[in-house]
Each structure stands twice: as C-alpha cells, then as structure tokens.
Amino acid sequence: MVRPKKSLGQHFLKDENIARNIVGALALERPDVRVIEIGPGTGVLTKYLSQIKDIDLRLIEIDRESVAYLKKTYPHLQTKIIEADFLELDLDQVFPASFAIIGNFPYNISSQIFFKVLDHRDKVSQVVGMLQKEVADRIAAPPGSKTYGILSVLLQAFYDIELLFKVPPGVFFPPPKVMSAVIRLKRNKVSKLDCDEIQFRKIVKQAFQMRRKTLRNALKSLNLSASISALPLLDKRAEQLTVEDFISLTKLIGDTRE
C-alpha cells in the first residue's frame with residue numbers, strides 16, 4: 001500500500017462513485033482522446049480512465065512509491081507512466097497535439113497547475129480537476145464576488161468554467177482539513193485576446209494585489225496618463241471588472257503609450 005506523503009499534499013480518494021463521476025465529467029470529443037492524469041497516486045481515477053475506448057493516457061506522478069504501485073497494478077500502462085514533476089514537465093514532449101487534463105490535484109500546487117494550463121491553452125482543450133473548494137470557488141467566481149480574483153480573470157478569458165460538485169473530507173485518506181470540489185474548464189473560442197496579453201496579465205495582477213483600492217490607486221505604479229486616470233472605469237475596484245473590461249483597459253493603456 002502506498003503511504004500518503006504530507007510533503008506532496010497527498011490525500012487519496014477512497015470513494016469509487018466520486019471517482020467514476022470525476023472521470024465521467026471528462027467530455028472527450030473523438031478522435032481527440034489524449035489525456036494527461038496529474039498525480040494518479042493509487043490509481044483510483046486511472047482505473048476508470050483506462051476503460052475509456054481508444055484513450056491515449058499519460059500518468060504524471062512525482063512519487064516513486066506511487067509509480068511502483070501503478071506499474072504493478074496497471075502493467076498495461078507501464079510505458080504511459082512518467083515519473084516527473086508536472087510543473088517542470090515539457091508538455092510538448094508528452095503530446096504534440098491537443099489534450100485534456102484530469103486529476104485529484106495536490107492542494108499545495110493547484111494554482112500553479114492552472115497557471116501552467118494557461119501557458120499551454122492552445123493545447124489544453126479541457127481540464128477536470130478536484131481541488132480545494134476555496135480555490136475552485138475562486139476560479140469559477142463571477143465579477144463582483146469577493147472570491148473573484150487573478151485566476152478567475154485569466155482563466156475565464158480562455159475557458160468556460162463549471163463548478164460541478166463538492167466533495168467532503170471523509171472520502172479521502174487521510175482526510176484533508178478542508179472541503180474539496182470538482183471543476184471543469186472547457187476551452188472557449190478565444191484564440192487571442194484583443195490586447196497585449198503580457199500587459200493584460202500585469203494589469204490584472206496589479207489590480208487584484210490592491211483589491212480594496214480603486215483601480216486609479218491600485219494601478220498608480222503604471223504611471224497612467226491623465227486621460228486614462230480620469231476614466232469613470234477607474235473609480236471601480238478590480239473585483240467589479242469583467243474580463244472584457246480588463247481587455248478594454250489594457251487596450252486603452254497600450255494605445256496611450258504607442
């Protein structure tokens with residue numbers, strides 16, 4: 001039996017019905033059945049993933065003990081198991097074409113996983129992940145919500161997001177101290193934002209780092225022109241802006257500097 005390791009944020013799911021429901025949430029569009037599972041652990045999701053017809057599955061696992069267990073339990077997947085840190089992995093080497101991501105994400109790196117998804121959004125067609133409910137709420141939060149933040153804006157710019165269902169601590173070993181939730185991201189039709197995307201990220205991050213201030217004060221370090229600073233939009237706080245508002249603001253700031 002694999003021992004869950006606190007240093008890796010491991011909490012192994014025990015409930016087979018929940019495992020089936022997580023895998024069932026993966027809406028694969030044939031022939032696109034390439035899937036990366038992050039942190040399979042003892043293979044509770046792997047079991048159901050491997051039953052999907054024609055699936056091209058890769059298992060990314062950093063824990064050597066889990067890798068040994070998976071190879072023994074799923075010998076037909078031995079060549080599909082990659083012992084590596086997902087955050088350090090070159091995803092282009094795993095799949096040259098588009099793929100989906102699924103997993104019970106370690107809570108301590110779930111936000112970093114989504115930032116990596118953003119960096120590979122042209123290939124990541126969808127994500128089904130179980131993570132800390134607080135982070136799932138933040139990702140799916142609408143504008144105006146107290147939990148709406150940097151990840152909400154950046155991910156919602158490129159993905160349609162659904163919070164699917166909550167998962168209580170008691171179905172894990174060991175049980176975490178927080179509620180969990182399963183979330184699904186499906187790539188939208190936006191291939192490129194109608195603004196400078198590096199500047200867009202910078203403005204979103206700066207705005208939310210001082211979320212209690214109006215945008216006029218939060219973005220002071222960007223040395224905005226007097227005409228931009230006078231805009232009524234800057235009377236608002238970051239959480240009140242939609243993705244489209246942030247795009248418009250980025251364009252305005254960019255246009256005044258050209």
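The values are calculated or read from the model by the stated rules, or taken from the named source; none is laboratory data. Since the model is a prediction, treat every value here as computed from it, not as a measurement. Ideal geometry is used to build each Cβ from the backbone, glycine not excepted, and the neighbour counts take in all protein chains shown. Side chains are part of the model used for accessible areas, which takes the heavy atoms of the whole protein and leaves out ligands, DNA and RNA. Shrake-Rupley method; radii C 1.70, N 1.55, O 1.52, S 1.80 Å.
Answer rounded, prolate or oblate for segment 1-133, using the Cα gyration tensor with square roots of eigenvalues a ≥ b ≥ c: rounded when a/c is under 1.5, else prolate when a/b is larger than b/c, else oblate.
Since a/c stays below 1.5, the shape of segment 1-133 is classed as rounded.
Indicate, rounded to the nearest 5 percent, the antiparallel portion of the DSSP beta bridges found entirely in the chain.
50 percent
Would you tally the net charge around Leu49, using a Cβ to Cβ cut-off of less than 13 Å, leaving Leu49 out, and scoring K and R as +1, D and E as -1?
+3
Can you work out ³J(HN,Hα) from phi for every residue in segment 168-185, in order, using Karplus 6.51 cos²θ - 1.76 cosθ + 1.60 and θ = phi - 60°, giving whole Hz and x for Gly and Pro?
Those phi angles translate into x, x, x, 8, 10, 10, x, x, x, 8, 10, 6, 10, 8, 9, 10, 10, 10 Hz.
Sum -39500 (n - 2.57) across every DSSP H segment of at least 4 residues in the chain, then divide by the residue count to get the 222 nm mean residue ellipticity, nearest 500.
Computed mean residue ellipticity for the chain: -9000 deg cm²/dmol.
If R₀ is 30 angstrom, what is the calculated FRET efficiency for the pair Ala27 and Val178, using the beta carbon separation as r and rounding to 0.05?
0.65
Just add up the charged neighbours of Leu151: K/R +1, D/E -1, any other residue whose Cβ is under 11 Å from the Cβ of Leu151.
+1
What residues qualify as long-range amide H neighbours of Phe12, i.e. H under 5 Å apart, gap of 5 or more or another chain, H built at 1.01 Å from N?
Here the answer is Phe173, since their amide H atoms fall under 5 Å of that of Phe12.
Cα-based count: Lys pairs in segment 58-168 below 27 Å, eight or more positions apart or different chains?
Close lysine pairs found across segment 58-168: 12.
Quick one: net charge of Lys166's neighbours, Cβ under 11 Å, K/R +1, D/E -1?
0
From the phi angles alone, apply the Karplus equation (6.51, -1.76, 1.60; θ = phi - 60°) to segment 60-75 and give each ³J(HN,Hα) in whole Hz, x where the residue is Gly or Pro.
9, 9, 8, 7, 4, 5, 5, 4, 4, 5, 5, 5, 6, 7, 10, x
How high is the FRET efficiency between Asn223 and Ala68 when r is their beta carbon distance and R₀ equals 45 Å, given to the nearest 0.05?
Computed FRET efficiency for Asn223 and Ala68: 0.20.
On the Cα set of segment 95-247, report Rg and Dmax in Å, please.
When restricted to Cα atoms, segment 95-247 yields Rg and Dmax of 16.9, 57 Å.
Amide H neighbours of Ser180 under 5 Å, counting only residues 5+ apart in sequence or on other chains, H built in-plane at 1.01 Å?
Lys133, Val167
Out of the total accessible area of segment 1-158 (probe 1.4 Å, heavy atoms of protein only), what percent is carbon and sulfur?
49 percent
Return the sequence-ordered ³J(HN,Hα) values of segment 149-156 in whole Hz as given by the Karplus equation 6.51 cos²θ - 1.76 cosθ + 1.60 applied to θ = phi - 60°, using x for Gly and Pro.
x, 4, 4, 4, 5, 5, 6, 5
What shape does segment 99-163 take by its C-alpha gyration tensor, where a ≥ b ≥ c are the square roots of the eigenvalues and a/c under 1.5 counts as rounded, a/b above b/c as prolate, and the rest as oblate?
oblate
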